[in-house]
Structures are given as C-alpha cells and as structure tokens.
Amino acid sequence: MINTAKRRELIIDQLCREGTVRVEQLSQQFSVSSVTIRSDLRQLEKHGCAMLNKQFAFDRPLQDKGRINRDVKHAIACAAAALIEDGDAVILDSGSTTSQMAPQLAGKKDLVVMTNALNIAFELANNEQIDLMVVGGSVRRKAWSLYGPAAEQQLRQYRFDKLFLGVDGFDLASSITTPDPGEAQLNRVMCEVAREVIAIADASKFGRTSFCMIRDIGQIHRLVTDSRIPEHYLQALHHLGIDVIIADR
C-alpha cells in the first residue's frame with residue numbers, strides 16, 4: 001500500500017488529467033476507505049488543489065504544478081532555452097516550466113537574466129556567466145514569485161531581448177490568462193519591456209482560461225509547446241503569424 005503523501009500526489013495528477021474525481025473510485029483504486037479519501041480531498045482543498053476544472057485554471061502551489069506533465073515541461077524548457085543566444089538580456093517569468101529552463105542556461109555566456117521567481121534566482125545565483133537581476137516586491141508564496149508596484153517600476157527601467165512567459169490559461173477567445181491580479185499586472189509590464197514575447201505552455205493549457213488577462217494571443221511572437229497542441233490552435237496561431245515550436249518532435 002502506498003503512503004499518504006504519494007496517494008495525495010496521485011490524486012492531484014488525476015484531478016489535473018480528468019478535472020473531477022469520485023470518492024468511491026479513489027477508494028477502490030487505492031484500497032482505502034471512503035473516509036480516508038474524503039480526508040485526502042479536504043487536505044488538498046486547503047492547498048487549493050481539489051476544486052479543479054478543465055476549463056478554468058485555478059491558483060495552485062508551484063510544487064503541485066511541477067509534478068504535472070514533468071517530462072513534457074522539461075522538453076519545452078530545453079527548446080525554449082535553446083532560443084537564448086550568448087549576450088542576450090532575457091526575462092524568465094515564474095512558473096513550473098520556466099523553472100526547468102534555469103539549468104539549461106549552463107554553458108551560455110554573457111547573459112543578463114531578470115526574474116521574479118525566487119527558485120529561479122537561487123538556481124542561477126552561482127552561474128558566473130549570468131548577470132542576475134531579481135525584481136523586488138511582495139512575495140506570492142504559492143508561486144515563489146515577487147510582484148507589486150516596486151517590481152513593475154524596476155522592470156520599466158530596462159529593455160530586454162526576450163521574455164519567456166509562463167501561462168495558466170491559453171485560449172483563442174480569452175487569450176493568455178493567469179489567476180492572480182498582481183502577477184498578471186507584472187506580466188503585462190514584462191511584455192512591454194521585451195522585444196520578443198515567447199509564451200511557453202504545455203498542451204494542457206489550451207482551451208483553459210483564468211481570472212486575469214495578461215495579453216492577447218496575437219501580441220506574442222512565439223509559442224513553445226508540445227505535440228498535443230490541437231490542430232485548430234496550430235492553424236489559428238500560424239494565421240496570426242506566431243511561430244510555433246513543437247518541443248517533443
């Protein structure tokens with residue numbers, strides 16, 4: 001029998017794949033009582049994980065996001081990092097996929113990297129080839145990120161070659177969205193100060209929307225995603241002149 005932590009991790013994965021779960025089904029699946037499963041779900045709900053909807057992107061802790069589609073996100077992160085050239089000045093937004101980009105920057109030279117992600121800053125702090133800049137502001141603990149007017153003001157003092165933008169929702173009608181208003185506002189400023197906006201999103205984000213709009217889809221320059229992207233999304237993005245990079249082909 002698996003332990004409690006592993007069982008709850010598997011429940012989160014199933015929620016993210018299917019959108020809903022049934023107590024009776026989980027009870028049989030994990031060979032535990034329905035009382036135990038209800039306890040699991042109550043604990044997950046406290047951490048923002050139980051009320052999941054396929055069409056709406058809720059605000060979930062970064063640790064939970066990082067466990068979902070891990071291999072696909074790694075492929076996307078590698079493809080995105082390959083777009084960074086020696087001497088570039090780039091912004092790495094917070095997020096589970098952008099976090100996986102940080103180790104891929106080893107070997108690149110003379111980079112300027114600004115980030116609002118505490119975990120990304122920690123990863124890059126010892127890389128002597130990177131002039132690391134971290135925006136100041138308030139901490140959003142779920143995302144390990146910084147946001148707020150101070151961060152926005154700091155960003156506006158600079159110009160960057162590329163922004164790698166993590167997203168929670170990517171919908172042709174609702175555009176690019178995220179659950180948190182403060183993060184959305186900071187993301188909009190990031191887009192303003194970058195010459196090229198590169199969205200990175202695994203295919204689970206397509207057709208999903210969230211509370212706060214970041215940017216119209218037509219205003220990004222590139223999308224790095226995986227081969228599960230729906231064909232009508234691919235056609236629509238090409239029609240808009242957006243370069244789509246499929247990471248896992």
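The values are calculated or read from the model by the stated rules, or taken from the named source; none is laboratory data. Worth saying up front: this structure is predicted, and the values here are computed from it rather than measured. Cβ coordinates were reconstructed from backbone atoms using ideal geometry, including for glycine residues, and neighbour counts include every protein chain displayed. Ligands, DNA and RNA are excluded from the accessible area calculation, which covers all protein heavy atoms including side chains. Shrake-Rupley method; radii C 1.70, N 1.55, O 1.52, S 1.80 Å.
Label points 7 Å out from Cα along the Cβ direction at GLU24 and GLN157: separation in nm?
6.2 nm
Mind running the shape call on the stretch 133-225? Use the C-alpha gyration tensor, a ≥ b ≥ c as the square roots of the eigenvalues: rounded below 1.5 for a/c, prolate if a/b tops b/c, oblate otherwise.
Working: a/c = 1.97, a/b = 1.33, b/c = 1.48.
Since a/c reaches 1.5 but b/c is at least a/b, the shape of the stretch 133-225 is classed as oblate.
Return the label of the correct value of Rg and Dmax of the Cα atoms in Å, as calculated from the structure shown, out of [x] 18.6, 58; [y] 17.7, 55; [z] 16.8, 46.
The value matching this structure is [x].
Can you show me the helix-derived [θ] at 222 nm for the chain, built from DSSP H runs with n ≥ 4 at -39,500 (n - 2.57) apiece and divided by the number of residues, rounded to the nearest 500. Mind dumping the intermediate values first?
Numbers: 10 runs with 95 residues, N = 249.
Theoretical 222 nm ellipticity from helices: -11000 deg cm²/dmol.
Could you tell me how far the Cα centroid of the stretch 100-158 sits from the Cα centroid of the stretch 217-249, in Å?
Computed from Cα coordinates, the inter-centre distance equals 26 Å.
Relative to the longest principal axis of the chain, what angle (0 to 90°, nearest 10) does the C-alpha long axis of helix 70-81 take?
Orientation of helix 70-81: about 0 degrees from the principal axis.
Can you tell me the accessible area per residue over the chain, all protein chains present, probe 1.4 angstrom, in square angstrom? The partial results should precede the final answer.
Details: 11680 Å² over 249 residues.
So the chain comes to 47 Å² accessible per residue, rounded to a whole number.
Take every DSSP beta bridge whose two residues both sit in the chain, then give the antiparallel share in percent to the nearest 5. If you can, show how the numbers build up before the last one.
Values: 11 of 38 bridges.
That works out to approximately 30 percent antiparallel.
If I take R0 = 30 Å and measure r between the Cβ atoms of HIS239 and ASP71 in this structure, what FRET efficiency does the formula 1/(1 + (r/R0)^6) give, to the nearest 0.05? Intermediate values should be presented prior to the final figure.
Working: r = 30 Å, r/R0 = 1.00.
Efficiency computed from Cβ-Cβ geometry: 0.50.
Using only Cα atoms and rounding to the nearest 10 degrees, what angle (0 to 90) does helix 181-193 make with the longest principal axis of the chain?
30 degrees
Strictly over 23 Å apart at the Cα level, which of LYS108/LYS142; LYS108/LYS205; LYS73/LYS108; LYS142/LYS162; LYS109/LYS205; LYS109/LYS142 would you flag in this model?
On the way: LYS108/LYS142 30 Å; LYS108/LYS205 29 Å; LYS73/LYS108 21 Å; LYS142/LYS162 25 Å; LYS109/LYS205 32 Å; LYS109/LYS142 32 Å.
The answer is LYS108/LYS142; LYS108/LYS205; LYS142/LYS162; LYS109/LYS205; LYS109/LYS142.
Give me the percent of accessible area attributable to carbon and sulfur for the chain, probe 1.4 angstrom.
Working: 5670 of 11680 Å².
Summing carbon and sulfur atoms, their accessible area is 49 percent of the total for the chain.
Could you compute the FRET efficiency for ALA82 and GLN219, with r as their C-beta to C-beta distance and R0 at 25 Å, rounded to 0.05?
Numbers: r = 23 Å, r/R0 = 0.92.
In this case the efficiency is close to 0.60.
Hey, what did the chain get for relative contact order, percent, Cα under 8 Å, at least 6 apart? Don't jump to the answer; show the numbers that get you there.
Details: 485 pairs, mean separation 40.5, N = 249.
Dividing the mean separation by the residue count of the chain yields 16 percent.
Taking amide H positions as placed in the peptide plane 1.01 Å from N, state which residues far from ILE214 in sequence (5 or more) or on other chains have amide H under 5 Å from it.
Close amide H contacts, sequence-distant or interchain: ILE176, THR177, THR178.
Provide the solvent-accessible area of THR178, counting protein heavy atoms only and rolling a 1.4 Å probe, rounded to the nearest 10 Å².
10 Å²
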